[in-house]
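For reference, the structure discussed in these notes is given below.
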Amino acid sequence: MRAREDLKYLLNRGYRRKVALDFVANHYRLPMGERHLLARCVFSDVWIAEVRKKLLRPGELSGKILAIDGFNVLITIESLMDGKAILCEDGLVRDLKYQGRYRLTKRSRGVVERVVNSLSELTVGKAVFFYGKNVPKSGEVKKMTESALEKFEVPGEVRLVKSPDFELKSFENVATADTAIIAAVSRVFDLAAYAGREFRPIPFDELLRGEIKVHSFLTD
């Protein structure tokens, strides 16, 4: 994909992300789906190197406090389950569902329990979940999470806050795929990828090599 090469070229030379993305997307007249794909997955070489240094391995979490970007993790896991998640250039799995706010469904409880069970396996010292309080039914998700923490005997707490991003940036170890948070914290763990490891994300390079049709992947 020439658009990817051009975007990376500009990012590697210090162009602001939005400016570079707008220029490339407009030049190639990319549809919204392909624009979104580039925005989520393409990064400068400097960013990729920095993120890889920050990434925590599962064995490094034992006894540590882990702050969790709740809705980000839940959306990504559900995207994995739906075959709509992609392994991006910086090594993190991200969703491509464009759904915006999290939507409570019949499978939400199972997804929450999958996350908390994973935290039990990782033997974290404490899990601190953050959910945006303005998201519809966030209170129900909070109760589900608290119930799961009790069920799997994971030390932790759940907070409903106005701005999860702001709160998460004050922690050392954070589970998120949000680039603004990643840039501000010391260590990052891809909890969604770990909890949903039985579901295979689509490697970005497979899309680029044409092994999977971009249009099909984005629209099915």
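The values are calculated or read from the model by the stated rules, or taken from the named source; none is laboratory data. Remember, predicted model here, so these are calculated numbers, not experimental data. Note: ideal-geometry Cβ built from the backbone for every residue, glycine included; neighbour counts use all protein chains shown.
Things to note:
- Checking each residue in region 147-181 for being among the acidic types (Asp, Glu) and outside any helix (DSSP H, G or I) picks out GLU153, GLU157, GLU172, ASP178.
- First in region 126-154 and surrounded by 13 or more Cβ atoms within 10 Å (Cβ to Cβ), second anywhere and part of a helix (DSSP H, G or I) and acidic (Asp, Glu), Cβ under 7 Å, 6 or more apart: PHE130/GLU167; ALA148/GLU113
- When ASP69 is tested against the conditions (1) in contact (Cβ under 8 Å) with a residue 24 or more places away in the chain; (2) loosely packed, with under 14 Cβ neighbours inside 10 Å, the lone failure is (2).
- Of the residues making up region 75-91, none is closer than 27 Å to PHE204 by Cα, out of contact with any Lys or Arg (no Cβ under 9 Å at 6 or more places or on another chain) and in contact (Cβ under 8 Å) with a residue 40 or more places away in the chain.
- Residues (among the hydroxyl-bearing types (Ser, Thr, Tyr) and assigned by TED's automatic domain parsing to the domain that holds VAL124) located in region 28-73: SER62
- Of residues in region 1-13 being modelled with pLDDT under 95 and surrounded by fewer than 17 Cβ atoms within 10 Å (Cβ to Cβ), the one farthest from VAL42 (Cα to Cα): ARG2
- Scanning region 72-99 for residues that are surrounded by 19 or more Cβ atoms within 10 Å (Cβ to Cβ), polar (S, T, N, Q) and out of contact with any strand residue (DSSP E or B) (no Cβ under 6 Å at 6 or more places or on another chain) yields a count of 1.
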